[in-house]
Amino acid sequence: MTAPCYVAAFDPSDMAPGATIELAGQEGHHAATVRRTRVGERIDLVNGSGGRLRCEVGQLGKGILNLRVLTVVQETAPSPNIVLVQALAKGGRDEQAVETSTEFGASRIIPWQSARSIANWRGKEEKGRKKWQDCATAAAKQSRRAWIPEVEAPVSSAELACALEAQISAGAVALICHEEATSSLPEIATEAGERYIAVVGPEGGISPDELELFTRVGAKTCLLSAHVLRSATAGPYAIATIMASYASRPVD
């Protein structure tokens, strides 16, 4: 069984096997009090940017663990790089999408206040963003990821179109998941590059005006499945499909 994972601030270049590091605060409380970690157990610390310390618990205090570093690792960034643009959705389905997409390997997550989103963050954008970030962090820890996807500030449809245009110009492939698309996601992903943006709409779907706005700047529509997927599952499904298509490419 893999070691449990906790988030801590550290620079891998400043650490070496045999060094000691203290895990305190909320993470220390969770490890010491909630999980009842014992002396001699192995745990991993990650910094969210690829740094990982494989550690052994040396001493325990009240909500504090003193750890001995066994191994220092700097993991490479996930490849392919996949950004999920997730429309706000009701009933916690957007948070479910954030959690599962993180487990599947999303590199970054952008909340989208789409025209048909029933959920609304107006006036509480930072609260909503932080809630999503907490979901992503928890999912990354659960899946033992050293890279934690950043949840960015929410965007409007107009702001999203500008962001898509800039990323497409820089070489990314922007994919609009849409039930009326004629090209399947595997067809597009197999031929595409290293960077993707998957755009998932809310319960009511992406409006015609939004679809026209996004395709005008170079985004491609793609069909995920023969069936209509929920907001909670479309994003993770897209990420898993891109990952599988990427892995199946012939090696030069």
Requested in this report: May I ask you to verify whether S114 is within 9 Å of the chain's Cα centre (by Cα), over 22 Å from E27 (Cα atoms) and either assigned by the TED database to the domain that holds A240 or modelled with pLDDT of 95 or more (or both)?
Outcome: no
Query raised in the report: Within the range 214-245, how many residues turn out to be charged (D, E, K, R) and either part of a helix (DSSP H, G or I) or not assigned by the TED database to the domain that holds Q167 (or both)?
Result: 1
**Report entry** Selected residue (only one of R36, R42, R68 is within 13 Å of Y6 (Cα to Cα) and of a type outside the set (D, E))
**Finding:** R42
Query raised in the report: What tally of residues in the range 170-197 results from selecting those that are within 21 Å of P149 (Cα to Cα) and either without any contact (Cβ under 8 Å) to a residue 40 or more places away in the chain or assigned to a loop (DSSP other than H, G, I, E, B) (or both)?
Result: 5
Report summary line: Of (1) under 30 Å from D44 (Cα atoms); (2) assigned to a loop (DSSP other than H, G, I, E, B); (3) among the aliphatic types (A, V, I, L, M), A136 fails just (2)
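The values are calculated or read from the model by the stated rules, or taken from the named source; none is laboratory data. This is a predicted model, so every value here is computed, not measured. As a convention, Cβ positions derive from the backbone with ideal geometry for all residues, glycine included, and neighbour counts pool all protein chains shown.
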